[in-house]
Amino acid sequence: MGKILEKINEQMNFELESGYIYLSMAAYLKDRGFDGMSGFMHKQAHEEYEHAMKMYGFLTSVGKLPVFESINKPAANYKSELDVFQQALQHEKTVTSRIDDLVDLAREENDKRAEIFLQWYVTEQVEEEDVFTDLVLKLERADGKFSALYLLDGIIAGK
Ligand SMILES: [Fe+2]
Ligand SMILES: [Fe+2]
């Protein structure tokens, strides 16, 4: 058997780690008084959990036992709201390259079910990077001014 299922299991754990990071970011934003941004990060954390569960379902469907690893401790503090979203965008870019590598491996091993399964993640990552890129741009323009940040907090709450 190829390595692809092992690697999808690894990614399942990484998706959970992503959720853990976003929860920590949500807590920081809540602590800073930005409920809208915090709620948005909570939603992201839930999405990451769903991404992991989709992989869990796939692994069980193909007879591979999902194995859960320990999750790294996320940062508890950030420099600013902008810093949070910049780090989140960077994280999503890391996820994208990991998914790309998984697709390459599925092709290399000629595992069509894995390749087709992973396509959903390729599409999802386009959306994830787009959303975070947009928010980073808006936060850059806010330039740390509280009036602009509170306005943005309301906008992000609706996302
Ligand atoms: Fe994800
Ligand atoms: Fe994500």
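Out of segment 21-34, which residues are surrounded by 16 or more Cβ atoms within 10 Å (Cβ to Cβ) and either in a helix (DSSP H, G or I) or in contact with a His (Cβ under 8 Å, 6 or more places away or on another chain) (or both)?
If we filter segment 21-34 for residues that are surrounded by 16 or more Cβ atoms within 10 Å (Cβ to Cβ), which is where we start, we get 21-26, 28-29, 32, 34.
Across segment 21-34, the qualifying residues are I21, Y22, L23, S24, M25, A26, Y28, L29.
Starting from segment 59-73, keep only residues that are closer than 17 Å to L23 by Cβ, then list their pairs with residues that are hydroxyl-bearing (S, T, Y) and surrounded by 10 or more Cβ atoms within 10 Å (Cβ to Cβ) whose Cβ atoms are within a distance under 9 Å, requiring at least 6 positions of separation or different chains.
Hits for this filter: I71/Y20; N72/Y20; K73/Y20; K73/S24.
Please determine, by comparing only the residues of segment 74-99 that are under 16 Å from E48 (Cα atoms) and of a type in the set (D, E, K, R), which one is nearest to ligand 2 (Cβ to nearest atom).
E92
Quick one: Q90 ticks every box in (1) touching a Leu at 6+ places or on another chain (Cβ under 8 Å); (2) part of a helix (DSSP H, G or I); (3) of a type outside the set (D, E, K, R) except a single one, so which number is it?
In the conditions (1) touching a Leu at 6+ places or on another chain (Cβ under 8 Å); (2) part of a helix (DSSP H, G or I); (3) of a type outside the set (D, E, K, R), Q90 misses (1) alone.
Only one of these is assigned to a helix (DSSP H, G or I), more than 15 Å from ligand 1 (Cβ to nearest atom) and within 12 Å of the chain's Cα centre (by Cα): F85, F14. Name it.
The unique qualifying residue is F85.
Conditions: (1) within 16 Å of ligand 2 (Cβ to nearest atom); (2) free of Cβ contacts under 8 Å to residues at least 40 places away in the same chain; (3) under 25 Å from E10 (Cβ atoms). D130 meets all but one. Number of the miss?
All conditions are met except number (3).
Let's see how each residue does on (1) of a type in the set (D, E, K, R); (2) within 20 Å of D31 (Cα to Cα):
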site	(1), (2)
A76	no, yes
T96	no, no
V122	no, no
V126	no, no
T133	no, no
A142	no, yes
K145	yes, yes
G154	no, yes
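Quick check on this structure: which one of F58, F40, F85, F68 is loosely packed, with under 15 Cβ neighbours inside 10 Å and aromatic (F, W, Y)? Please lay out each step first, then the result.
On the way: F58 fails: loosely packed, with under 15 Cβ neighbours inside 10 Å; F40 fails: loosely packed, with under 15 Cβ neighbours inside 10 Å; F85 fails: loosely packed, with under 15 Cβ neighbours inside 10 Å.
Result: F68 is the single residue among F58, F40, F85, F68 that is loosely packed, with under 15 Cβ neighbours inside 10 Å and aromatic (F, W, Y).
Any idea which of (1) within 16 Å of ligand 1 (Cβ to nearest atom); (2) touching a residue at least 12 places away in the same chain (Cβ under 8 Å) is the one R113 doesn't satisfy?
Looking at each condition in turn, R113 falls short on (1).
Test G57 against the criterion of being among the small types (G, A, S), over 22 Å from D134 (Cβ atoms) and modelled with pLDDT under 95, and give yes or no. Please lay out each step first, then the result.
Numbers: among the small types (G, A, S): yes; over 22 Å from D134 (Cβ atoms): yes; modelled with pLDDT under 95: no.
It is false that G57 is among the small types (G, A, S), over 22 Å from D134 (Cβ atoms) and modelled with pLDDT under 95.
Checking A52 against (1) away from ligand 2 (no atom under 16 Å from the Cβ); (2) of a type in the set (G, A, S); (3) in contact with a Phe, Trp or Tyr (Cβ under 9 Å, 6 or more places away or on another chain), which test does it fail?
(1)
Considering only residues that are touching a residue at least 60 places away in the same chain (Cβ under 8 Å), crowded, with 17+ Cβ neighbours inside 10 Å and not hydrophobic (A, V, I, L, M, F, W, C), which ones fall in segment 1-14?
The initial filter retains those residues of segment 1-14 that are touching a residue at least 60 places away in the same chain (Cβ under 8 Å), namely 2-5, 7-8, 11, 14.
Then drop every residue that is not crowded, with 17+ Cβ neighbours inside 10 Å, which leaves 4-5, 7-8, 11, 14.
Answer for segment 1-14, where residues must be touching a residue at least 60 places away in the same chain (Cβ under 8 Å), crowded, with 17+ Cβ neighbours inside 10 Å and not hydrophobic (A, V, I, L, M, F, W, C): K7, Q11.
Run G39 past the list (1) farther than 21 Å from L139 by Cα; (2) away from ligand 1 (no atom under 13 Å from the Cβ); (3) in contact (Cβ under 8 Å) with a residue 60 or more places away in the chain; (4) assigned to a helix (DSSP H, G or I) and report the number of the one that doesn't hold.
Going through (1) farther than 21 Å from L139 by Cα; (2) away from ligand 1 (no atom under 13 Å from the Cβ); (3) in contact (Cβ under 8 Å) with a residue 60 or more places away in the chain; (4) assigned to a helix (DSSP H, G or I) one by one, G39 breaks only (1).
The values are calculated or read from the model by the stated rules, or taken from the named source; none is laboratory data. It should be emphasised that the depicted structure is a prediction, and the values quoted were computed from it without experimental measurement. Because the Cβ atoms are built from the backbone with ideal geometry, glycine has one as well, and the counts that use them run over all protein chains shown.
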